[in-house]
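Structure first, commentary second.
Quick note: the coordinates plus some simple rules give every number you see, no bench work behind them. Just so it is clear, the model here is predicted, and its values are computed rather than measured. As a convention, Cβ positions derive from the backbone with ideal geometry for all residues, glycine included, and neighbour counts pool all protein chains shown.
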Amino acid sequence: MKHTLIELPYAYNALEPYLDGYTMEIHHSRHHQTYVDKLNAALEKYPDLQEKPIEELLKNLATLQVEETDRTAIRNHGGGVINHNLFWQNMNPANIADSQLISEINHTFKSLEEFKKAFTDSAVKLFGSGWTFLVRNEQNQLEFYNLSNQDSPYSKNHTPILALDIWEHAYYLKFQNKRVDYIENWWKVIKMI
Ligand code: MN
């Protein structure tokens, strides 16, 4: 069984004027597709692993019975696949406010505004390519942090809730080097909180 690219549950231009359709199309149909293809290539020699959910592969990355180059490829491309899956889901215009999550954020980070500010600061400071995640940790508490490349919170045994792509391919066509503007526009399409 091969992994496949998920379809977006909305049109490429559905997030305009905040995020543009052209970037969305390239990002999904080329960048995300490439992670899917390279993950499948990395799993080619391991039919038993092809059947496992990507989350499980990333949780157990260190103990997978694979060659080291394949472990690296599974880490990079498996992460690339599921990080983007969550990224698209988070931005679905059909999402509605999650009052449970909002109340937990208020409790954990003082207020929603404080949380957004701190999460944004973290994303702005990320050096190079990576992601900023809101996660549920092993104590079932909320926290947020940056990870480099396509690393996944699942490899830390955390469950990601919000995923913000900070690779330049996510914003360069519209925002060039203005990462802060990209992040401000990204918040506008996050309806969950
Ligand atoms: Mn991306």
*Which residues make up the longest stretch of the chain that has no GluC sites (Glu not before Pro) in a DSSP loop with at most 12 other Cβ atoms within 10 Å?*
68-137
*Kindly put Leu162, Leu173, Leu49 in sequence by how many other C-beta atoms sit within 10 Å of each C-beta, fewest to most.*
Leu173, Leu49, Leu162
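Report the full-extension gain for the segment Glu114 to Thr4: residue separation times 0.36 nm, less the Cα-Cα distance, to one decimal in nm.
On the way: separation 110, 0.36 × 110 = 39.60 nm, distance 3.75 nm.
Answer, rounded to one decimal: 35.8 nm.
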*Cross-link partners of Lys38 among aspartates and glutamates (Cα-Cα below 14 Å; sequence separation of 8 or more within a chain)*: Asp70
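Any chance you could run the full-extension gain for Asn95 through Gln65? It's 0.36 nm times the residue separation minus the Cα-Cα distance, nm to one decimal.
Details: separation 30, 0.36 × 30 = 10.80 nm, distance 3.89 nm.
Length difference between fully extended and current span is 6.9 nm.
Name the chymotrypsin sites (Phe, Trp or Tyr not before Pro) in region 50-155 that are in a loop by DSSP and that have at most 11 other C-beta atoms within 10 Å, would you?
Working: sites: Phe87, Trp88, Phe109, Phe115, Phe119, Phe127, Trp131, Phe133, Phe144, Tyr145, Tyr154; in loops: Phe127.
For chymotrypsin sites (Phe, Trp or Tyr not before Pro) across region 50-155 that sit outside H, G, I, E and B with at most 11 neighbouring Cβ atoms in 10 Å, the list reads Phe127.
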*Output the relative contact order of region 51-193, whole-number percent, from Cα pairs under 8 angstrom with separation of 6+ residues.*
31 percent
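From Cα pairs below 8 angstrom and at least 6 apart in sequence, can you work out the relative contact order of region 1-50, rounded to a whole percent?
In percent, rounded to a whole number, it is 41.
Relative contact order for region 1-91: what is it in percent, counting Cα pairs under 8 Å that are at least 6 residues apart?
Working: 71 pairs, mean separation 29.4, N = 91.
Once divided by the residue count of region 1-91, the mean separation gives 32 percent.
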